[in-house]
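Before any comments, here is the structure.
Derivation of every value follows stated rules applied to the coordinates shown; laboratory data play no part. Here the structure is a predicted model, which means the values were calculated and not measured. Every residue, glycine as well, gets a Cβ built from its backbone with ideal geometry; the counts of neighbours run over all protein chains shown.
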Amino acid sequence: MAIKQNSKNSIIGASKDAPFYLYLLLSAGVLIFILWPTLAILKESIFFNGSFSFEHYRNLFTTNRSLLKNSLFVGFWTTIIALFIGLCCALYVTHTSFKGKKLVLMVLLLTLISPPFVSSLAYIMLFGRRGLITWKILKLHWNPYGAHGIIMMESIGLATIAAFLIIAVLKGIDRSLEQASLDLGASKWSTLWHITLPLARPGIVTAALIVFIRSLSDFGTPMFIGGNYNVLATQAYMTAIGTYNLPKASAISTLLVIPAFIVFLIYRKIMAGTPLFSKKTTATTHEECSLPSWVSTTIWIVTWSFILFELLKYTTIFSGALVKTWGVNFSFTLHHIQTLKLAKLGSLLRSIKYATVSALAAGIMGIALAWFLGRKKGPFTHAIDFIADLPFILPGPFFGIAYLLAFNWMPEAVLGTGVLIVTNCVYRQLTLGVKSGISVLAQINPELEDAVRDQGGKGLHVFKDVIIPLLKPAFLVSFVNTFTFTMTTIGGIIFLITPYTKVATAEMFDAIQQGDIGVSSVMASVIILVVMIVNVSFSWFFLRKKSISVHKTEESYVPSIKAAQ
Amino acid sequence: MYLQLKQLNKKFGNVRAVIDFSLNVQEGELVSLLGPSGCGKTTTLRMVGGFLQPNRGEIILEGENITSLPPEKRPTATVFQSYALFPHMDVLENVTYGLKFKKIARKKTLQMGLEMLEKVGLPNAAAKTIDQLSGGEQQRVALARSLITQPKVLLLDEPLSNLDAKLRIRMRREIRQIQKDFGITALYVTHDQEEALALSDRVVVMEKGSITQVDTPRKIYTSAQNSFVADFIGRSNIFTLKGNKKIAVHPEDISLSEEHGQYEGIIVGHQFKGAMTTYFIAVEKQVIEADILSRIDQNWEEGRKVKVTFNKESIMPLF
């Protein structure tokens with residue numbers, strides 16, 4: 001009872017102190033950099049030749065109807081397959097007694113921190129017209145391009161995030177419930193079907209949502225391996241960048257938001273009242289596996305096939321960086337790496353710079369906002385919370401074009417600093433920082449904050465003496481997360497890149513488009529390396545310091561990474 | 001009067017959590033707020049601490065109206081139910097935290113902190129982290145942190161509820177001792193009637209946001225004014241007399257006899273508790289409990305007819 005009262009009333013009598021103005025500033029940021037661009041793109045999409053009209057949308061449903069159909073088709077199958085693979089990997093890690101769990105987790109983490117369309121690149125290298133496997137080894141003449149390729153690569157790319165979300169819930173399940181079911185005479189299959197999976201439903205539903213939305217908004221994969229098969233996201237990209245028809249591009253990417261929003265609403269309905277991550281962590285008993293043997297066999301096969309493919313993928317990319325001409329001449333060369341040194345190093349350094357700035361900003365703003373929103377200290381917290389959440393469901397191209405429309409009036413000199421790229425990344429990742437902040441905060445007794453006031457400290461002291469030190473884990477999570485995101489993202493920022501602000505992923509994107517496999521492989525490898533170094537050193541720093549909240553934040557950390565690509 | 005609470009009212013939405021709460025507390029007095037959960041006792045305490053703003057009413061301390069002062073400006077200090085010790089600071093840092101805001105030299109504050117730790121019986125704990133302390137030790141650190149700022153009123157919010165039964169009894173003696181040593185005025189919230197009776201100068205019994213009775217522990221126990229207090233404080237038999245008048249009688253104020261007594265009763269059950277045996281007796285279609293000193297030679301079996309007498313001085317007429 002005391003807690004509830006506290007959260008409602010604590011700031012009374014001292015509302016106009018320093019934290020209050022900080023809150024105003026943060027809220028203004030959320031409104032300007034999330035709400036305003038969103039409104040700008042919606043407005044743009046309903047103007048045709050300068051007057052109000054739904055013409056763009058009508059066109060989409062008539063002439064471009066097949067695009068919508070294609071997007072939904074790909075999204076549907078990608079979700080099904082990615083969920084299946086993800087579920088298998090998750091069960092492998094949590095519910096079997098197989099060996100190699102650490103390796104599985106490590107490979108999963110690796111795939112989580114690599115740039116998008118790495119899969120497409122590897123696909124082209126392995127199964128393309130000059131693919132190592134299809135052409136060189138099997139001597140096949142097949143057409144790798146089309147819906148099947150997109151679905152395969154997106155499924156594999158998105159299976160990881162699904163796996164981590166499901167692992168998080170499976171770990172939180174009280175294992176004695178499963179034991180009780182077996183004890184009461186249920187078969188192993190019934191226990192899995194009626195107990196384990198229903199309990200894991202929040203994670204499975206969330207995973208499905210995220211996979212579906214990300215599949216819809218992914219334009220890299222269809223672009224590279226779709227061939228003639230077009231989807232909405234590629235169309236949005238080409239309309240905006242190719243023909244610079246921004247109203248039409250706005251309408252297309254707004255259309256992308258609609259299914260995403262519907263899925264989001266369903267998800268809210270299903271999840272109402274179900275916490276995403278159970279607060280109680282139950283000690284996992286390492287008992288014999290409680291799955292039927294045919295299920296665990298399936299899990300074993302799916303998981304290892306997936307892991308092997310992932311390993312093959314990275315080996316391919318890394319070796320692609322070191323051979324002369326992939327598919328034709330496999331002799332060793334350092335030529336591509338030298339190209340990086342000469343011409344592309346600038347964009348790599350720029351990427352690192354943007355990523356560091358974004359990460360710092362998102363980390364600090366995340367914990368500050370988490371405090372205001374989590375403790376409901378300040379006016380309109382619900383509205384701000386909702387708006388800050390929006391980028392989570394908004395597809396990358398939508399948010400990118402939105403920024404283009406809202407902020408392109410800025411002078412060249414300002415745009416040249418990359419400020420739009422940084423803010424775009426910060427605000428897309430902000431919600432995850434806020435969420436992890438709130439989840440850490442939920443474990444911090446609000447009486448600690450009262451104690452500061454009681455002892456004579458002001459609001460600012462509460463922030464400085466209690467919130468910042470205790471939310472350090474959340475800051476680190478947010479930092480690493482945003483750093484990784486900024487280093488690897490392309491979907492949103494490709495619309496904002498100017499010749500002066502070209503980043504590494506854009507360089508890689510161009511290289512793939514030009515069919516320069518050597519340079520693309522080098523860029524991909526270097527990005528992976530940088531992100532890996534940052535992730536590993538931070539998690540080392542993290543785990544070394546035994547903090548009460550490490551375990552909890554790790555859990556929320558993993559699924560949060562790149563959740564909204 | 002040292003501390004005056006005048007007509008305090010607090011609403012949460014439509015729920016009236018505290019209704020017209022008025023109380024005068026003398027300097028050096030320890031007053032308990034006692035009641036079941038949800039009775040408004042913690043809300044009252046938090047209003048005194050400045051964490052909640054009353055909808056109506058005033059809080060006067062030494063003649064000064066402090067009703068609208070924020071917690072950091074109030075000369076009150078709270079011992080929180082969870083202790084609210086800062087987990088990222090060591091014991092000494094916790095204890096001296098409040099002195100940071102008093103413009104006292106760092107060296108001096110450390111000295112004061114060590115002295116305070118000594119006074120609460122933790123002379124060697126200064127450099128320990130909070131999670132190295134036992135529950136009782138954490139309790140003392142919380143107390144030390146509150147006392148070091150020399151507050152005019154000490155507020156304790158169920159400070160013993162996280163301790164086990166034995167430690168609770170020891171700590172309530174210690175808290176009382178420290179409170180007396182410092183001569184500090186204290187408000188003490190608890191739902192444990194035995195605790196309230198054992199350490200208070202006066203007890204305020206609350207029910208549904210209102211005060212039902214304020215008295216010394218002895219008076220509260222021996223002359224409860226209504227059935228809520230009688231029922232909440234200790235065990236009482238609420239007995240309806242002819243003409244629907246109600247009285248309350250404690251089980252130890254009932255005697256049983258084979259020959260003489262006011263009422264006829266039949267033993268319907270008993271529980272042996274060591275020194276005492278509790279008999280359940282049906283009297284005029286009501287079942288009452290009587291605590292009788294256990295004696296080897298005397299044991300009434302169930303079904304047996306007995307004569308029951310209520311000790312005249314101990315009968316509490318209820319209103």
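Summary table below
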read-out: Of the DSSP H helices in chain B, those whose Cα atoms cover at least 18 Å axially and whose Kyte score averages -1.0 or more; value: B:106-119, B:135-148
read-out: Difference of contour (0.36 nm per residue) and Cα-Cα distance, A:Asn245 to A:Leu349; value: 34.3 nm
read-out: Simple label model, 7 Å out from Cα along Cβ direction - B:Gln177 to A:Leu184, nm; value: 5.3 nm
read-out: Residue-by-residue Karplus 3J(HN,Hα) for the range A:211-226, coefficients 6.51, -1.76, 1.60, Hz, glycine and proline x; value: 4, 4, 4, 6, 5, 4, 8, 7, 10, x, 4, x, 5, 7, 10, x
read-out: Gain on full stretching of the segment that runs from A:Phe261 to A:Gln338 - 0.36 nm per residue minus C-alpha separation; value: 23.2 nm
read-out: Sequence of B:Arg16, A:Arg214 once ranked by neighbouring C-beta atoms within 10 Å, starting from the fewest; value: B:Arg16, A:Arg214
read-out: Mean residue ellipticity (222 nm) of the protein assembly as shown, computed from DSSP H runs ≥ 4 via -39,500 (n - 2.57), nearest 500; value: -16000 deg cm²/dmol
read-out: Exposure proxy ranking, count of Cβ atoms within 10 Å, fewest first, for A:Trp304, A:Trp142; value: A:Trp142, A:Trp304
read-out: Cβ-derived FRET efficiency at R0 30 Å, A:Thr62 paired with A:Gln514, nearest 0.05; value: 0.30
read-out: Spin-label pair A:Phe73/B:Glu301, simplified geometry with 7 Å Cα→Cβ offset, distance in nm; value: 9.1 nm
read-out: Coordinate range along principal axes, alpha carbons of the range B:3-227, Å, largest first; value: 52, 39, 31
read-out: At q = 0.07 Å⁻¹, base-10 log of I(q)/I(0) for chain A (Debye sum, equal scatterers on each alpha carbon); value: -0.42
read-out: Karplus (6.51, -1.76, 1.60) ³J(HN,Hα), θ = phi - 60°, over the range A:471-477, in Hz, Gly and Pro reported as x; value: 8, 3, x, 5, 4, 4, 4
read-out: Cβ charges +1 (Lys, Arg) and -1 (Asp, Glu), total dipole of the range A:431-546, debye; value: 300 debye
read-out: Per-residue HN-Hα couplings for the range B:311-319 [Karplus 6.51, -1.76, 1.60; θ = phi - 60°; Hz; x = Gly/Pro]; value: 4, 4, 5, 9, 5, 10, x, 9, 10
read-out: Hydrodynamic radius of the range B:247-317 per Kirkwood, over alpha carbon pairs, in Å; value: 12.2 Å
read-out: Mean separation of Cα contacts under 8 Å, 6 or more apart, over the residue count of the range B:90-213: relative contact order %; value: 22 percent
read-out: Under 18 Å from the Cα of B:Lys305 - aspartates and glutamates, other chains or at least 8 residues apart; value: B:Glu258, B:Glu259, B:Glu264, B:Glu284, B:Glu289, B:Asp291, B:Asp297
read-out: Value of relative contact order over chain A, rounded to a whole percent, pairs C-alpha under 8 Å and six or more apart; value: 23 percent
read-out: Cα principal axis extents for the range B:103-199, largest first, Å; value: 43, 31, 18
